[in-house]
1. Compute from the Cα atoms of the chain the Rg and the Dmax, the latter being the longest Cα-Cα distance, and quote both in angstrom.
2. List, in order, the whole-Hz ³J(HN,Hα) value for each residue of the stretch 193-210 obtained from phi through the Karplus relation with A = 6.51, B = -1.76, C = 1.60 and θ = phi - 60°; use x for Gly and Pro.
3. Kindly report the accessible area of the stretch 1-120 per residue (heavy atoms of protein chains, probe 1.4 Å, no ligands, DNA or RNA), in Å².
4. Could you state the accessible area per residue of the stretch 168-208 in Å², with a 1.4 Å probe and every protein chain left in place?
5. Highest mean first, how do 19-26, 262-269, 32-39 rank when packing is the count of other Cβ atoms within 10 Å averaged over residues?
6. Compactness ratio of the stretch 71-121: Cα Rg over 2.2 N^0.38 Å, N = residue count?
7. Whose amide H sits under 5 Å from the amide H of LEU142, counting only residues 5 or more places off or on another chain, with H placed in the peptide plane?
8. Tell me what the chain gives for mean residue ellipticity at 222 nm when only DSSP H runs of n ≥ 4 count, each as -39,500 (n - 2.57), the sum divided by the residue total, rounded to 500 deg cm²/dmol.
Amino acid sequence: KMRKKGSGKIKAGDRAFDVINTLLLVFIFLIILYPLYYVLIASFSDPNLVLTGKIFLLPKGFQVESYKKVFENSEVMNGYLHTILYATVGTCINLAVTLTAGYALSRKDLRGRKIFSLFFIFTMFFSGGTVPTYMVVRNLNLLNTFWAMVLPNAMSVWNLILCRNFFEGNIPIELLEVSQIDGCRNDYFFIKIVLPLSRALIAVMVLFYAVGHWNAYMQPLLYLSDRSRYPLQLVLKNILISSQPDASLAGMTDRAELYKQTEMLKYALVVVSSVPMIVLYVTVQRPT
């Protein structure tokens, strides 16, 4: 009886912990979600109501003028296409370099493996900096080209370490030995065996690199001067700057109207630039 009573208390305590833990997680989730939700409903609401703080749970004064103004600009779609291209090609290059290098460093039969690892880790703490990197890109004649957006950051050392540790912990050495007995080459083993067993890792790397390319701002700002090659982030920045109220305007009414339109435009721009990455994030969360 004592054991049954004790086990009952433990189960009740576990249930109480689960309830409290669930409520806490839901509360944190709502805190994180609400700002995103507010931006969404504010982008469809009357800017006057947004500025006066009358928007809380549902959009009021429904309008889509802010989205019309965004997409009426031909540079937006051009920026979308370029960003998708930069993100797609850049992520493929990132995966090719990071996965192969990470797998090579995870192999204990690689000569000088520790030296190579130290060399990569050293660059995490002592990088060349912006000016030397710009000079390298310039001397390679990559300025204002497509490759300036995908080659300078072809690999993240942090992601390289993650890949190396994943391969070391999840690809048994016995699997390699068995494949070698059957005459399997290293490249075939990596492509046919290692990569299919690393789908979760690949999904994480795709997310990390794609988000980095999508949000790239300083890199195109430094390396691109042709507006026709601008990615979405620079295009949206230019739209916001061009819609800022002019301080030289004499009429306060005109200035207030411009400020209202600018604030309305900001919410639409946030939604436009964020939706693709949210879709990507939800996609890679699917079981692999």
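The values are calculated or read from the model by the stated rules, or taken from the named source; none is laboratory data. Here the structure is a predicted model, which is why all the values come from computation and not from measurement. No Cβ is skipped: glycine too gets one built from the backbone with ideal geometry, and neighbour counts run over all protein chains shown. Side chains are part of the model used for accessible areas, which takes the heavy atoms of the whole protein and leaves out ligands, DNA and RNA. Shrake-Rupley method; radii C 1.70, N 1.55, O 1.52, S 1.80 Å.
1. 25.8, 86
2. Values, residue by residue: 10, 5, 4, x, 7, 10, 5, 5, 5, 4, 4, 5, 5, 4, 5, 4, 6, 5 Hz.
3. Values: 8440 Å² over 120 residues.
Heavy-atom accessible area per residue stands at 70 Å².
4. Accessible area per residue: 64 Å².
5. 262-269, 32-39, 19-26
6. 1.88
7. When sequence neighbours closer than 5 places are left aside, there are no close amide H contacts.
8. Working: 13 runs with 204 residues, N = 288.
That comes out to -23500 deg cm²/dmol.
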